[in-house]
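Trainee: The structure's right below; bear with me while I get my questions together.
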Amino acid sequence: MRGRLAGGGLADSSATHAPPGRRVESIRESAYLWVAVPTLARGDVERVLRFAGEAESLDGDDPFTKDLLVELGELVQADWITYFERDHLGRHLFEVGRPDEAEAWDGVPVEGWSDATLNGSPLNPHRRNGYLGALRVSDFLSQRELHRTRFYEIGLRPLGVEHTMEIEIPSPPSQWRTFSFDNAERAFSERDRLVLDLVQPHLVRRWQTAMARRELAAALTGVEQAEAPESRGVIVLGARGEVEYASEPARRLLREFAPNESLVEWFESGCRRPLVHHLGERRLIVERVGDALLLEEKRDAVGLTAREREVLAWVARGKTNPEIARLLWLAPSTVGKHLENVYSKLGVKTRTAAVARFLGPIDVEGGDAESIVSAQS
């Protein structure tokens with residue numbers, strides 16, 4: 001168990017709003033950089049710009065590494081710097097700190113720590129209102145007031161922490177992603193806050209780049225594992241939107257569906273929602289993930305008879321042809337014939353592909369075959 005103070009729960013807001021008591025322009029507007037920069041020393045400006053340039057380039061799939069936290073420590077001095085992810089129950093999903101900082105947790109009591117830091121942080125109400133920028137605990141509580149709280153007694157005091165500042169990364173309402181800066185003696189300054197507000201959008205873009213890479217890698221894996229004729233394809237786009245690579249399944253799907261005009265209109269409109277193009281009982285779904293287009297073909301279920309749906313439901317539960325034959329009082333050869341018809345109608349060649357195409361990702365082991373059949377009727 002490692003981590004710091006709980007951040008806010010609402011992170012679907014893409015803007016950084018001004019915290020109570022002070023007015024700050026959105027750091028996502030380029031004008032804000034020029035409003036803010038004169039308040040920083042020349043050396044601070046150079047360090048922020050250098051960090052921003054390095055943060056925009058991502059070598060691996062992990063956006064926030066120990067090395068990145070070390071670089072943040074060059075911008076804002078702190079005794080501890082931690083990035084952590086939590087769900088709404090306070091469970092740690094992921095966390096990382098700078099090298100050699102783990103020993104700070106030796107002897108810290110576990111009982112009540114998550115609840116105290118998750119529910120007791122004075123920053124929480126402002127995070128839930130959508131503010132993602134830098135906040136200090138001292139913005140809302142004096143040191144005397146802080147020392148009276150359970151949040152301090154359980155969450156900060158065992159670590160020797162007296163001063164805390166955090167920034168957030170946008171996340172779903174069910175979880176949050178937080179950078180926490182903690183000091184034992186030095187209070188965080190307005191200069192520290194300004195620096196973190198300036199680098200926060202670059203951290204967000206670094207996160208988004210990493211997520212796009214992971215999704216693309218997963219999609220490519222799925223394409224490589226798909227069977228012929230494949231139902232999934234991928235197109236990789238260049239910096240100006242040109243096609244750099246198109247898998248064979250993607251080319252086939254585009255030839256067969258020919259969604260030329262609708263695809264162009266969808267792309268020019270910003271690809272905010274998946275594009276769905278119909279061709280009889282077949283559907284082509286196109287979704288943009290980062291610099292890639294993911295294409296997937298699906299078929300409507302109306303082409304299967306009631307008996308074929310029943311056979312396929314038992315296939316989804318892992319039954320063999322002889323087992324299905326006994327369950328349905330059929331000959332094994334009849335079951336095989338039903339499956340041949342299913343394969344032909346769904347455009348697949350294996351049992352696994354037929355189940356995935358027709359039933360989708362369901363918990364077949366815990367379900368009831370009859371309910372699965374009726375749900376698809």
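The values are calculated or read from the model by the stated rules, or taken from the named source; none is laboratory data. Keep in mind the model is a prediction, meaning the values are calculated, not measured. Cβ sites come from the backbone with ideal geometry, for glycine too, and all protein chains shown count toward neighbours.
Trainee: Name the residue, out of Ala301, Ala228, Ala316, that is under 30 Å from the mean Cα position of the chain (by Cα) and either at pLDDT below 85 or under 30 Å from Phe51 (Cα atoms) (or both).
Mentor: Ala316
Trainee: Condition first: within 30 Å of Leu284 (Cβ to Cβ), free of Cβ contacts under 8 Å to residues at least 12 places away in the same chain and surrounded by 15 or more Cβ atoms within 10 Å (Cβ to Cβ). Can you find one or more residues in region 336-357 that meet it?
Mentor: yes
Trainee: Restricting the search to region 283-320, which residues are free of Cβ contacts under 8 Å to residues at least 60 places away in the same chain, closer than 19 Å to Ala356 by Cβ and not aliphatic (A, V, I, L, M)?
Mentor: If the condition is that a residue be free of Cβ contacts under 8 Å to residues at least 60 places away in the same chain, closer than 19 Å to Ala356 by Cβ and not aliphatic (A, V, I, L, M), then Arg283, Glu287, Arg299, Asp300, Gly303, Glu308, Trp314, Arg317, Gly318, Lys319, Thr320 are the ones that fit.
Trainee: Let me ask another. For region 140-169, how many residues are more than 30 Å from the chain's Cα centre (by Cα) and part of a helix (DSSP H, G or I)?
Mentor: Number of matching residues: 12.
Trainee: Consider Arg206 carefully, then state whether it is of a type outside the set (A, V, I, L, M, F, W, C), at pLDDT 80 or above and within 26 Å of the chain's Cα centre (by Cα). Can you show your working first?
Mentor: Numbers: of a type outside the set (A, V, I, L, M, F, W, C): yes; at pLDDT 80 or above: yes; within 26 Å of the chain's Cα centre (by Cα): yes.
Yes: the conditions hold for Arg206.
Trainee: Considering only region 171-201, state which residues are at pLDDT below 90 and surrounded by fewer than 18 Cβ atoms within 10 Å (Cβ to Cβ).
Mentor: Residues satisfying the conditions are Pro172, Pro173, Ser174, Gln175.
Trainee: Counting only residues that are outside any helix (DSSP H, G or I) and either closer than 11 Å to Val234 by Cβ or among the β-branched types (Val, Ile, Thr) (or both), how many does region 246-261 have?
Mentor: Total meeting the criteria: 2.
Trainee: Also, I was wondering about something else. Within region 122-159, track down each residue that is free of Cβ contacts under 8 Å to residues at least 60 places away in the same chain and either of a type in the set (Lys, Arg) or not assigned by TED's automatic domain parsing to the domain that holds Arg193 (or both).
Mentor: If the condition is that a residue be free of Cβ contacts under 8 Å to residues at least 60 places away in the same chain and either of a type in the set (Lys, Arg) or not assigned by TED's automatic domain parsing to the domain that holds Arg193 (or both), then Arg136, Arg144, Arg148, Arg150, Arg157 are the ones that fit.
Trainee: Another one. Could you run through region 327-359 and say how many residues are at positive phi and touching a Gly at 6+ places or on another chain (Cβ under 9 Å)?
Mentor: Number satisfying all stated conditions: 0.
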